[in-house]
């Protein structure tokens, strides 16, 4: 096949992914509610995967702390083979169910935690071992796979089976299956963080400002959220110790940083309640 024909074929197949994800939205919504409930109770969100699935898990877990300001200790990803497996194949790592249980056990898993097992095949021993361990500890279990009727689904309280169909390159689950996993994890984590209050309207109010680009974005977020000008937003952000949450309360209510912090504390950290919305 010429190059154009190959990419056209793949593009046609990729169009099936969003539709397949759309068919599991009710299960995803149940998963979001379950994760929110556990995290509100002080629990953690823990992803477990191997190979491409594990890398998708690591990516999502790595991006949420800077995007939503959540602690790295509360959103964790385990990948078969450990850190080496993120950038290269660790042969045989996914074949040990005992290692999955061992790695999860090191986190001192409890009933308030939620474990999301990710495996396109739904049969990966490492993930199955971790999920069995999680069930034994009373943690909430969620499964993400490309086939509903698989062993992984039977270990989960909530099963999300995104049936994308055969891959263009037979068995290469880094293609449609991997794309579907990325979409589902994006939706799960974003919906959870929004429900937990880590966004104001559609703005990343808790984003971590680690470079000049993000500092500029923080000022623009405050301007859009409050209607303030550049100087006022910059001054408030500086006075708030670079907390957009505190700065927004200052701008909305016309109060100083100390009063803004007191209002947030009185509202239990709920931004909307602190500003009377």
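So the values come out like this:
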{"item": "Any hit, segment 91-106, residues being in contact (Cβ under 8 Å) with a residue 12 or more places away in the chain, over 11 Å from residue 49 (Cα atoms) and in contact with a strand residue (DSSP E or B) (Cβ under 7 Å, 6 or more places away or on another chain)", "result": "yes"}
{"item": "Segment 175-204 residues that are assigned by TED's automatic domain parsing to the domain that holds residue 72 and without any contact (Cβ under 8 Å) to a residue 24 or more places away in the chain, paired with ones that are outside any helix (DSSP H, G or I) and buried (at least 18 other Cβ atoms within 10 Å of the Cβ) (beta carbon under 9 Å, 6 or more apart)", "result": "190/199"}
{"item": "Qualifying positions in segment 238-277 - more than 26 Å from the chain's Cα centre (by Cα), under 17 Å from residue 201 (Cβ atoms) and in a loop (DSSP other than H, G, I, E, B)", "result": "275, 276, 277"}
{"item": "Tally, over segment 223-235, of residues that are over 17 Å from residue 204 (Cα atoms) and assigned to a helix (DSSP H, G or I)", "result": "4"}
{"item": "Candidate set: segment 24-43, residues that are assigned to a loop (DSSP other than H, G, I, E, B) and either in contact with a helix residue (DSSP H, G or I) (Cβ under 8 Å, 6 or more places away or on another chain) or surrounded by fewer than 19 Cβ atoms within 10 Å (Cβ to Cβ) (or both); chosen: the one modelled with the highest pLDDT", "result": "24"}
{"item": "Any hit, segment 220-231, residues being surrounded by 14 or more Cβ atoms within 10 Å (Cβ to Cβ), touching a residue at least 40 places away in the same chain (Cβ under 8 Å) and closer than 16 Å to residue 68 by Cα", "result": "no"}
{"item": "Helices (runs of 4 or more DSSP H) fully within segment 109-201 counting 2 or more residues that are at pLDDT 95 or above, over 27 Å from residue 42 (Cα atoms) and in contact with a helix residue (DSSP H, G or I) (Cβ under 7 Å, 6 or more places away or on another chain)", "result": "176-195"}
{"item": "Among the residues listed as 7, 21, 17, the single one being over 14 Å from residue 177 (Cα atoms) and either out of contact with any helix residue (DSSP H, G or I) (no Cβ under 7 Å at 6 or more places or on another chain) or buried (at least 17 other Cβ atoms within 10 Å of the Cβ) (or both)", "result": "7"}
{"item": "Residue in segment 205-218 that is more than 26 Å from the chain's Cα centre (by Cα) and not in a helix (DSSP H, G or I) present", "result": "no"}
{"item": "Count of segment 64-74 residues which are free of Cβ contacts under 8 Å to residues at least 40 places away in the same chain and out of contact with any strand residue (DSSP E or B) (no Cβ under 8 Å at 6 or more places or on another chain)", "result": "3"}
{"item": "Hits in segment 68-81 - residues which are exposed (fewer than 15 other Cβ atoms within 10 Å of the Cβ) and either touching a helix residue (DSSP H, G or I) at 6+ places or on another chain (Cβ under 8 Å) or part of a helix (DSSP H, G or I) (or both)", "result": "71, 72"}
{"item": "Test: residue in segment 254-269 that is touching a strand residue (DSSP E or B) at 6+ places or on another chain (Cβ under 7 Å) and closer than 22 Å to residue 67 by Cα", "result": "no"}
{"item": "Those residues of segment 95-123 which are within 18 Å of the chain's Cα centre (by Cα), surrounded by fewer than 21 Cβ atoms within 10 Å (Cβ to Cβ) and more than 18 Å from residue 74 (Cβ to Cβ), in sequence order", "result": "none"}
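The values are calculated or read from the model by the stated rules, or taken from the named source; none is laboratory data. This structure is a prediction, so every number in the text was calculated from the model and none was measured. FYI the Cβ positions are ideal-geometry reconstructions off the backbone, even for glycines, and counts take in every protein chain you see.
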